[in-house]
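Below is one structure, written out as structure tokens, with a few remarks after it.
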Amino acid sequence: MLKKRDEVKKKTFHVSREGKIFIEADEMWTFAGSRENGTWIWLATGRRTGLAAGCHVGKRDDAGSAALRDSLSEDCKKNGIFFTDGLASYAKAFPADRRRIVGKGSGKTSHVERLNLIFRQRLSALSRKELSFSRIMENLTASIWIFICNHNERILFH
């Protein structure tokens, strides 16, 4: 069992030669109950592994970006180079010397954008169709976290 844990730990985040972990962050809009109850899903993913590194469901404000940062492991917080869009909230959550503002067309956030797309395709609550949306915020949040656990498990163990 210990050997298996060590293998998983090594595989979790590949660290570059300089000791840095490349993290891509983005957010996407959804709602629970009605469109007036819009909320944002904040996601962070490891560029080299495709693992979901962190997540937060909440408002698109400084507290939301701080909650995304807090959901990251200590290793990611300490050694991360963060690739984000130009949203001002990211500037308050991540250190300026380790944050890179990139455009959508640059391809530097393509992994987290792909994860957003996978979310929309596989979680019916995010499909933007009136019949499949989540009616209760707690259920939406739980389904997102279950999906993240399953997504990471597929990458690590299959």
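Rundown of residues vs (1) surrounded by 14 or more Cβ atoms within 10 Å (Cβ to Cβ); (2) within 13 Å of E27 (Cβ to Cβ), yes/no style:
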residue: T84; (1), (2): yes, yes
residue: A88; (1), (2): no, yes
residue: I101; (1), (2): yes, no
residue: E113; (1), (2): yes, yes
residue: L117; (1), (2): no, no
residue: A125; (1), (2): yes, no
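The residues in region 82-117 that are more than 16 Å from L68 (Cα to Cα) and in contact with a Ser or Thr (Cβ under 7 Å, 6 or more places away or on another chain) can be counted, and the count is 3. Considering only residues in region 25-38 that are crowded, with 17+ Cβ neighbours inside 10 Å and either closer than 14 Å to N139 by Cα or among the polar types (S, T, N, Q) (or both), the one that is nearest to the chain's Cα centre (by Cα) turns out to be T30. Just checking, how many residues over region 48-82 are among the polar types (S, T, N, Q) and crowded, with 20+ Cβ neighbours inside 10 Å? Residues in region 48-82 being among the polar types (S, T, N, Q) and crowded, with 20+ Cβ neighbours inside 10 Å: 1 in total. Looking only at region 23-47, residues that are touching a helix residue (DSSP H, G or I) at 6+ places or on another chain (Cβ under 9 Å) and at pLDDT 85 or above come to 16 in all.
The values are calculated or read from the model by the stated rules, or taken from the named source; none is laboratory data. Treat the numbers as computed from the prediction; the structure is a model and nothing was measured. Reconstructed Cβ throughout: ideal geometry from the backbone, glycine too, with neighbour counts over all protein chains shown.
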